[in-house]
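This report refers to the structure that appears directly beneath it.
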Amino acid sequence: MAKETVNSMVTDAVTQTNLIVIGTAPAMALASLYQTLANSVAMASINAVYAQQQANMTHQAATVDAIALLLSIGRS
């Protein structure tokens, strides 16, 4: 069986590619984390606005009922 050698330029290219991947992995992980956190904060803000809108409608309905009750006092 003949022994085959690999060109040194090929091994250098593979080594450099591996180093680039390993070197950028922490930055990619942090970027993914920051995007996830930003999305979570945005969703929390959206949920807060929605809850505020729902509470506003409930308070408005309660106010209308209370005013109707006050206006009906004395009428029989």
Seminar exercise, completed: Filtering region 1-28 down to residues that are loosely packed, with under 10 Cβ neighbours inside 10 Å and assigned to a helix (DSSP H, G or I) yields S8, M9, V10, I22, G23, P26, A27
Exercise. Can you find even one residue in region 54-70 that is part of a helix (DSSP H, G or I), modelled with pLDDT of 95 or more and of a type in the set (S, T, Y)?
Worked result: yes
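The values are calculated or read from the model by the stated rules, or taken from the named source; none is laboratory data. Everything quoted here is computed from the prediction, not taken from an experiment. As a convention, Cβ positions derive from the backbone with ideal geometry for all residues, glycine included, and neighbour counts pool all protein chains shown.
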